[in-house]
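Here is the structure we will look at.
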Amino acid sequence: MGRVDAAVIFEALATSCPSTTAYLSIHNMCCWAIDTFGSQEQREQFVPALASMDSFASYCLTEPGAGSDAGSLRTSARREGDEFVINGEKAFISGGGESDVYLVMCRTGDDTPKGISCILIEKDTPGLSFGKKEKKLGWNSQPTRAVIMEDVRVPVSNMIGNEGEGFKIAMKALDGGRVNIAACSLGAAQACTTLARDHMLVRKQFGKTLSQFQHLQFKLADMATDLTSARLMVRTAANKIDEGSPDMTVYCSMAKRHATDVGFNVCNDALQIFGGYGYLKDYAVQRYLRDCRVHQILEGTNEVMRLIVSRNLLQQ
C-alpha cells in the first residue's frame, strides 16, 4: 500500500473522528521509521505487533525548549558499554503513558543536527515516567503527556539506523506524517461540509430554508471548492513520496500548510452556518473544529512549512 492509498484511508477515517485518526497516523509514522531504518532484528522484534496494532508507538521529538527548532533538542544518550543512558524530557507526546514503544530523538554527539540519533525505549523500562495527562482543546480521544527519562538504560541495539542519523530519520518520517495529518484535516472538512449542507436543507429562517439564501449557497460552494483543491494537493504530495521525488519534502510542506488551513476554515464556516447550534456540544461541528485546530501546529507549524517552501524557491 502506497502513500496515496494511506491518504485516502486516513481522510475517510477522519470523517468520523480526526483525533483518533491522527493518533493512528503518528503510530503509523513510528512503524514506518522502524521498518525503513531498523535492522532485520528490530523489524522482526517490533514491526509485527505494531502493524497489527497489538502494541502502539509514540513519536518523541518535541521538547519543552525545542519545538519548531527541533535541531536544538537537549535529551542526551550517553554510551556506557553495551548500553545508552538517556536523560531528558519530551513534550506534547501523543499516546504518552499508554503507548508500548517510544521512538526517541536524542543527542549522542555534538550540538548540531548531525549529533542526533534515534533510539527505541519500551514502556516498562526503569527510569521512564510520564507527566500529567494534558487538558486539551481537542484531540480528547487520545492522551497527551510529557515523556520523562531519568537514567533510562537501553541496549545499544535499540538504536534505529546509525549514530547521527536521528534528525534525518525524524525529518523523513515527517514527510509522510505531514501528508497524513493533512488528510485528517480533509476528513474533518468533508464531514463538516456534509453536515452544513444537510443543515441548510432543513433549517428555516425568514420563511425559507437556509439553502435558498444565495450568500450561504456561495459559502457552501467555496467550502467544497477549497476542500477539493486541498485534497488534490495532498494526493499530489503523497504521490511524490511514492515516486521518491527529490522535491517531495517541499510538496509535503505545501500540502500540510494548505490542507490544514483549509480544513480549519471549512469547519469554522460550517459552525457559522449552524449559528448558535454549532457552538453546542450536542452538534458535531464544534468537535471537528477543536480537533483539527492543532493540525496547523503539529508535524511542523504552518509557519515552518512556509519557511521550507520559501527556502526551496529562493535556492533555485
Next on the checklist: If I go through segment 258-281 residue by residue, how many of them are surrounded by fewer than 18 Cβ atoms within 10 Å (Cβ to Cβ) and either hydrophobic (A, V, I, L, M, F, W, C) or in contact with a strand residue (DSSP E or B) (Cβ under 8 Å, 6 or more places away or on another chain) (or both)?
Outcome noted: 1
Item to check | Residue satisfying all of: in segment 237-252; under 19 Å from Met29 (Cα atoms), free of Cβ contacts under 8 Å to residues at least 60 places away in the same chain and open to solvent by 60 Å² or more (accessible area, probe 1.4 Å); farthest from the chain's Cα centre (by Cα) among these | outcome: Glu243
Checklist entry - For segment 206-217, does any single residue satisfy the condition of being crowded, with 21+ Cβ neighbours inside 10 Å and under 25 Å from Leu174 (Cα atoms)? => result no
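So which of Lys123, Lys132 ends up being touching a Ser or Thr at 6+ places or on another chain (Cβ under 8 Å) and of a type in the set (Lys, Arg)?
Among Lys123, Lys132, only Lys123 is touching a Ser or Thr at 6+ places or on another chain (Cβ under 8 Å) and of a type in the set (Lys, Arg).
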Next on the checklist: Taking the conditions exactly as written (assigned to a helix (DSSP H, G or I), among the acidic types (Asp, Glu) and either farther than 24 Å from Val47 by Cα or free of Cβ contacts under 8 Å to residues at least 24 places away in the same chain (or both)), does Asp175 satisfy them or not?
Outcome noted: no
Item to check | Of all residues in segment 227-236 being open to solvent by 30 Å² or more (accessible area, probe 1.4 Å) and among the hydrophobic types (A, V, I, L, M, F, W, C), the one that is farthest from the chain's Cα centre (by Cα) | outcome: Leu232
Item to check | Filter pass, Ile148 being more than 28 Å from Cys252 (Cβ to Cβ), under 23 Å from the mean Cα position of the chain (by Cα) and either modelled with pLDDT under 95 or not acidic (Asp, Glu) (or both) | outcome: yes
Item to check | Enumeration of residues in segment 126-157 that are open to solvent by less than 20 Å² (accessible area, probe 1.4 Å) and either among the hydroxyl-bearing types (Ser, Thr, Tyr) or on the phi < 0 side of the Ramachandran plot (or both) | outcome: Gly138, Gln142, Thr144, Ala146, Val147, Met149, Val152, Val154
Checklist entry - Across segment 282-300, which residue is farthest from Val266 (Cα to Cα) among those that are open to solvent by 30 Å² or more (accessible area, probe 1.4 Å) and among the β-branched types (Val, Ile, Thr)? => result Ile297
Checklist entry - Does segment 126-154 hold any residues that are farther than 30 Å from Phe264 by Cβ, in contact (Cβ under 8 Å) with a residue 24 or more places away in the chain and part of a strand (DSSP E or B), and which are they? => result Leu128, Ile148, Met149, Glu150, Asp151, Val152, Arg153, Val154
Item to check | Options Ala255, Ala224: the member that is closer than 13 Å to Ser185 by Cβ and either open to solvent by 60 Å² or more (accessible area, probe 1.4 Å) or at pLDDT 95 or above (or both) | outcome: Ala255
Checklist outcome for this item: Of (1) in a helix (DSSP H, G or I); (2) at negative phi, Gly275 fails just (2)
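The values are calculated or read from the model by the stated rules, or taken from the named source; none is laboratory data. This is a predicted model, so every value here is computed, not measured. FYI the Cβ positions are ideal-geometry reconstructions off the backbone, even for glycines, and counts take in every protein chain you see. Side chains are part of the model used for accessible areas, which takes the heavy atoms of the whole protein and leaves out ligands, DNA and RNA. Shrake-Rupley method; radii C 1.70, N 1.55, O 1.52, S 1.80 Å.
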